[in-house]
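In what follows, a single structure is set out as C-alpha cells and then discussed.
Please treat every number below as a calculation from the coordinates, not as lab data. Since the model is a prediction, treat every value here as computed from it, not as a measurement.
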C-alpha cells in the first residue's frame, strides 16, 4: 500500500470518494491511502451513507484532516473491516499523542469526552475497488453536531505528522496481513 500526503489545502466535497481518484490526481496506481487537510462540505446529492440521507443530515467542517483509502480486490465487508481497523489505529495514535485515554471509538466513529464527535467515516464500493473516507475535525467550529477538533479541543499541533503516522501504520499493517496470508499452508 502506497501513502501520500497533499501539502496544499484541499477541500473534501464527496467527489474524491470515487474509483481511481488517487491515480488520476497523483499518479499512484494500486492500493493507496492519501491524506490532506481542508474544509469538508458534503451536500445531500453527494452523500454515500443512505441513513444520513434519510435523516436529512449533512457533513460540514471548516477544517478536517482527511484520508482517502482505495483498495482493490476486496469485498465491501472487507472494506468495512479495514475501515474499522483504521479507525482503531487512529484512536490509538491520538490517545498515545495525548498521553491519556481521551478518545473513545464506537464502530468507525471517534469521540472526545464520550460525546463530542471527532470523526466522520464511510466505506463504499466502486466497480473496481473499495473506497474509504475518514475525516477528523481539526477545528470543530461550525460542525452540525457537538464536535471536537484535533487542534481546538485536543491541542494537537502536528497534524501532518499525525497523518503520516496513521497512514504508515495502516500501510505496514496491510503489508503484514498480506505476508501472513502467504506463510501458511493449507489444511485438509
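Comparing 137, 99, 19, which has the greatest mean-square fluctuation in the GNM of the chain with Cα pairs linked when under 10 Å apart?
99
On full extension of the chain, what length is gained from residue 157 through residue 186, given 0.36 nm per residue of separation minus the C-alpha to C-alpha distance? Present the calculation step by step, with values, prior to reporting the outcome.
Values: separation 29, 0.36 × 29 = 10.44 nm, distance 4.79 nm.
Roughly 5.6 nm would be gained on extension.
Give me the percent relative contact order of the chain, please, defined on Cα pairs under 8 angstrom at least 6 residues apart.
Once divided by the residue count of the chain, the mean separation gives 22 percent.
Mind jotting down the distance between the C-alpha centroids of segment 69-83 and segment 109-158, whole Å?
Measuring centre to centre over Cα atoms gives 19 Å.
Identify which of 159, 177, 132 has the largest mean-square fluctuation in a Gaussian network model of the chain, with springs joining Cα atoms closer than 10 Å.
Per the Cα network of the chain with a 10 Å cutoff, 177 tops the list.
Helix-only estimate, please: 222 nm mean residue ellipticity of the chain, summing -39500 (n - 2.57) across DSSP H runs of length 4 or more and dividing by its residues, to the nearest 500. Show your work: numbers first, answer last.
Numbers: 4 runs with 58 residues, N = 188.
Dividing the helical sum by the residues of the chain leaves -10000 deg cm²/dmol.
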